[in-house]
Amino acid sequence: MGEKHEGGGIIRTLRVAGIQFAAFEEKERNVNKARELATLAVEKGAAIVSFAELCTTPWFPSREASGSDEHTKLAETIPGPATEEFSSIAKASGAVFVLPIYEVSGDSYFNSAAVIDADGSLLGAYRKIHLPRLPLWYEKDYFTPGNTGFPVFKTKHGVIGVQICWDNFFPEGPRALGLAGAEILITPTASAMKTFDRWEKVISSHAITNLFFALRVNRAGSEPFQDFYGESFCVTPEGEMVGTPAGMDDSVSLFDIDLEEVARSRKLWPYYEDRRPETYGILAKK
């Protein structure tokens, strides 16, 4: 990163990876699968690696909560075993990891994503703020709404913001992250049914209106109540696809990006300079 074009311009090229795979019922098998695919991603030169939503567990929010606390056995703290596992991989490889897990903190349970820097240090976590309660996505039954706000994580390889699945249908979060300097929006999701076109449109709109790259990483594989379809993808600040979206199976999707495109796009399209925040008061009202 930080090299010059022949014409004198700066390039900050790097490779990002979206890892999707079919989840097992056993958490340990999911962690092992994630580790295996992460190793492949960094061997292929990935500098930033993200997994799909709740990648270490089966999709337990598919049913209404019955009063049983069996699912809480899947939760862990941040830091905890999973973050320590991937901190070791990050330190050895020099890659940044976004690790979505089921987090417990005190008496609260969160749908979270830990961010681990290239030296293995845990930079923090984002906790999903917007929780749906829809058939097969009964997340309000299981999780507490996030209380982290919209943090950006200044990693060795770029400034990252995270929005998890349902969060992406609320434009305030991506805008807050853009204003805070995010260069890459990471969006781990758990989308079943065939909604690729809808997701492509909403993620591309975030990239266009906030002028950053966006990496969507979706769950894959069949589980008892859902068929997750994968098709992870990356878009530029112009909303254009980088390479080809993933298919529906287990995969490590690699996308080469130049973060200097963010600065160039923001100079060309001065949306941030032309904002009128004094007129936006209604956005904070219920």
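The values are calculated or read from the model by the stated rules, or taken from the named source; none is laboratory data. Note that the coordinates shown come from a computational prediction; the quantities given were computed from them, not determined experimentally. Every residue, glycine as well, gets a Cβ built from its backbone with ideal geometry; the counts of neighbours run over all protein chains shown.
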Okay, strands (runs of 3 or more DSSP E) sitting entirely in the stretch 9-124 with 3 or more residues that are of a type in the set (S, T, N, Q), I get 108-116
Selection over the stretch 211-224 where residues are among the aromatic types (F, W, Y) and part of a loop (DSSP other than H, G, I, E, B) yields a count of 1
Within the stretch 200-210, the residues that are touching a Lys or Arg at 6+ places or on another chain (Cβ under 9 Å) and either in a strand (DSSP E or B) or buried (at least 22 other Cβ atoms within 10 Å of the Cβ) (or both) are I203, H206, N210
Selection over the stretch 75-117 where residues are within 17 Å of L37 (Cα to Cα) and in contact with a strand residue (DSSP E or B) (Cβ under 8 Å, 6 or more places away or on another chain) yields a count of 14
Scanning the stretch 225-278 for residues that are out of contact with any Asp or Glu (no Cβ under 8 Å at 6 or more places or on another chain), at pLDDT 95 or above and of a type in the set (F, W, Y), the one nearest to L54 (Cα to Cα) turns out to be F228
| Any chance the stretch 250-272 includes a residue that's under 21 Å from A46 (Cβ atoms), hydrophobic (A, V, I, L, M, F, W, C), surrounded by 24 or more Cβ atoms within 10 Å (Cβ to Cβ) and touching a Ser or Thr at 6+ places or on another chain (Cβ under 6 Å)? | no
Residues in the stretch 254-286 that are in contact (Cβ under 8 Å) with a residue 60 or more places away in the chain and not in a loop (DSSP other than H, G, I, E, B) total 8
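One line per residue, one yes/no per condition, for (1) modelled with pLDDT of 95 or more; (2) of a type in the set (A, V, I, L, M):
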residue	(1), (2)
K4	no, no
L14	yes, yes
F24	yes, no
R35	yes, no
T39	yes, no
A46	yes, yes
F51	yes, no
Within the stretch 38-74, the count of residues that are in contact (Cβ under 8 Å) with a residue 60 or more places away in the chain, over 9 Å from A17 (Cβ atoms) and among the hydroxyl-bearing types (S, T, Y) comes to 1
Among residues of the stretch 135-159 being among the hydrophobic types (A, V, I, L, M, F, W, C) and part of a loop (DSSP other than H, G, I, E, B), the residue farthest from the chain's Cα centre (by Cα) is L136
Expected output for the stretch 160-173 (first residue part of a strand (DSSP E or B), partner small (G, A, S) and modelled with pLDDT under 95, Cβ below 7 Å, 6+ apart or cross-chain) is none
Of the residues in the stretch 181-199 that are surrounded by 14 or more Cβ atoms within 10 Å (Cβ to Cβ) and among the aliphatic types (A, V, I, L, M), the one that is modelled with the lowest pLDDT is A192
Of those in the stretch 231-249 that are aliphatic (A, V, I, L, M) and surrounded by 15 or more Cβ atoms within 10 Å (Cβ to Cβ), the residue farthest from T187 (Cα to Cα) is M248
Flagged in the stretch 228-281 as of a type in the set (V, I, T) and under 18 Å from L179 (Cβ atoms), in numbering order, are V262, T279
The number of residues in the stretch 215-224 that are surrounded by fewer than 21 Cβ atoms within 10 Å (Cβ to Cβ) and out of contact with any Asp or Glu (no Cβ under 8 Å at 6 or more places or on another chain) is 3
L131 vs (1) of a type outside the set (S, T, Y); (2) more than 20 Å from I48 (Cα to Cα); (3) surrounded by 15 or more Cβ atoms within 10 Å (Cβ to Cβ); (4) touching a residue at least 40 places away in the same chain (Cβ under 8 Å): all pass except (4)
